[in-house]
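K.L.:
Below are the C-alpha cells for one structure; questions will follow.
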Amino acid sequence: MAANARRYRLAVFTKNRKNPAYVGARLGADRVAARHGCVVTHYVPDKPDDVDEQHALLEAAYAERPDALLIAPAHATALNGTLRRMQADGIPLLCFVSRPEEISSTCFVGSDDRALARGIADYLFDRLDGGGDVVTLEGHPIAITTAPRAAGFRDAARARKSIRIVDSRPGYFLRDGGHAGMTELLAAQPRIDGVLAANDFMALGALDAMRETGRKIQIVGVNATPEGVQAIKAGDMLASASFDAMKMACLGVEAAVRVLSGERVPAEILLPVEVVDRTNCAAWDLPYEQRPLPEWSAYVRG
C-alpha cells in the first residue's frame, strides 16, 4: 500500500510502560506509522494496568479528536461508554492484544489465548518425564487475557492423568509480580516440577526467585520477548509461546490506515502462535527495533 498523502493522527493505547511486550507494541506501531507518514500519540498509564487512568487518558484522547483509535483495553467493559461515544463521532475503533466485551471494533488483531496457553503447557508437560506437580503464574485478575490463558493451562492438565496443577498465584503480567508470586509458591510447595507463566515478564521474575532460593525448575512463558529469548538461549527457560504484541500493533496501525483510506478490513485478524525454544529461537533473537515488520498480505487474503 502506498504511503498516504494525509498525515493521519492515531491514538495508540497500551496498558503499561514496564512489560516488554508493550514496549515492542509501541515500537511496532511507530515503525508502521512512519512508513505511512502518520502521527502517533501514545497513551500509557503511569500505574501499570490502571483502569481509571486508562479511562482518563481515553477521555483526553477523545478531546483531541484523533483520526483513529487503537487500544489494548485494561478492562473488558469499563471503557465502553467512552469508546461508544468515539465511535458515534466517527472515530474508528481498532483493538489489539485484547478487545472489550459488549462493543464491536472495526478490526481486532490478536491470537487465541486459550489455545496458545494449552500449546505451551503441553510443551512443558511433554518434558516432565511422565508427570509432575505444576504451578501457574497468572496475569492481572482483571486483564482480558488472564482467564483464557488460565483455562488453557488447565485444559492441558486435565488431559493428562499424571499432571497436577497444585497451586497458583497472580503475577500481574509484571516481573516483580512474577517474583513475588513465585517466592510465595516456592515457600508453599516443597515439590514443584514445572512452572506455567502466562507471560515472559513474569517468568523472568520467577527465575529471579528461583535463583534466590537455589531451586531450578523448568518454566515456560508467553510472548517470545527479546529478554525471554535470551533466557531460552541461556537454558534458563524452556520455551515461550509467540503471542506477538509488536506484530499485532503493526497490523492494527496498517488496518487503521486502510480504513481511513476507504478500504475494507477484516473484523478479526488472529495471528498463529508458535512455540519458540532453543531449536528455533535464532529467528526471534532480535531487539524489537530490528524485528521484521509483518506484511499485510501474509495475514489478510484478498
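Readers should treat all values here as calculations from the given coordinates under stated rules, not as data from a laboratory. It should be emphasised that the depicted structure is a prediction, and the values quoted were computed from it without experimental measurement. Heads up, the Cβs are rebuilt from the backbone with ideal geometry, glycines too, and the neighbour counts pull from every protein chain shown.
K.L.:
Of the listed peptides 167-173, 141-147, 268-274, 295-301, what is their order by residue-averaged count of other C-beta atoms within 10 Å, with the highest listed first? Walk me through the numbers before you get to the answer.
P.N.:
Values: 167-173: 22.6, 141-147: 18.4, 268-274: 16.4, 295-301: 11.9.
Final packing ranking: 167-173, 141-147, 268-274, 295-301.
K.L.:
Moving to a separate point now. Quick one: which of 281-292, 195-206 comes out on top by average Cβ neighbours within 10 Å, and what's the full order, highest first?
P.N.:
Those peptides, ordered most packed to least, come out 195-206, 281-292.
K.L.:
Let me ask another. Starting from the amide H of Ala239, placed 1.01 Å from N in the peptide plane, find each other amide H under 5 Å away whose residue is 5 or more places distant or on another chain.
P.N.:
Those qualifying (amide H under 5 Å, at least 5 residues apart or on another chain) are Gly221.
K.L.:
May I ask for the Rg/Rh ratio of the chain, computed from Cα atoms with Rh as the Kirkwood radius, given to two decimals? All intermediate terms of the calculation are to be shown ahead of the outcome.
P.N.:
On the way: Rg = 19.4 Å, Rh = 19.6 Å.
That ratio equals 0.99.
K.L.:
With the contact rule set at Cα under 8 Å and sequence spacing of 6 or more, what percent relative contact order holds for segment 36-85? It would help to have the intermediate numbers written out before the result.
P.N.:
Working: 22 pairs, mean separation 17.0, N = 50.
Relative CO of segment 36-85 lands at 34 percent.
K.L.:
Along the Cα→Cβ direction, 7 angstrom out, place labels at Glu101 and Ala282. What is the inter-label distance in nm?
P.N.:
According to this spin-label approximation, the distance is 4.6 nm.
K.L.:
Rounded to a whole number of µm²/s, how large is the Stokes-Einstein D of segment 7-157 at 25 °C and 0.890 mPa s, given Rh as the Kirkwood radius over C-alpha pairs? Display every interim value, and only then the final one.
P.N.:
Values: Rh = 16.7 Å.
So the translational diffusion coefficient is about 147 µm²/s.
K.L.:
I've got another one for you. What translational D, rounded to a whole number of µm²/s, comes out for segment 113-241 from Stokes-Einstein when the hydrodynamic radius is the Kirkwood one over Cα pairs, at 20 °C and 1.002 mPa s? Walk me through the intermediate numbers first.
P.N.:
Details: Rh = 13.9 Å.
For these conditions, the coefficient is 155 µm²/s.
K.L.:
Divide by every residue of the chain the summed helix terms, -39500 (n - 2.57) for each DSSP H run of at least 4, and state the resulting mean residue ellipticity at 222 nm, rounded to the nearest 500 deg cm²/dmol. Spell out each step's value before the answer.
P.N.:
Numbers: 10 runs with 122 residues, N = 302.
So the calculated ellipticity at 222 nm is -12500 deg cm²/dmol.
K.L.:
For Cys95, enumerate residues with amide H under 5 Å from its amide H, sequence gap 5+ or separate chain, H modeled in the peptide plane.
P.N.:
So Cys95 has HN proximity to Ile71, Cys107, Phe108, Val109.
K.L.:
Of the beta bridges DSSP finds with both residues in the chain, what % are antiparallel, to the nearest 5? Don't skip to the end; give the middle numbers.
P.N.:
Values: 2 of 37 bridges.
For the chain, the DSSP antiparallel bridge percentage is about 5.
K.L.:
I would also like to ask the following. So what's Rg/Rh here for segment 178-296, counting alpha carbon atoms and using the Kirkwood radius for Rh?
P.N.:
Ratio of gyration radius to Kirkwood radius for segment 178-296: 1.11.
K.L.:
If you average the sequence gap of Cα pairs under 8 Å that are 6 or more apart and divide by the length of segment 1-71, what percent do you get for the contact order? Write down the numbers at each step before the final one.
P.N.:
Values: 101 pairs, mean separation 31.9, N = 71.
Rounded, it is 45 percent for segment 1-71.
K.L.:
Separate question: Contact order normalised by length for the chain, with contacts defined as Cα pairs under 8 Å and 6 or more residues apart; what percent is it?
P.N.:
Working: 651 pairs, mean separation 59.3, N = 302.
Relative contact order comes out at 20 percent.
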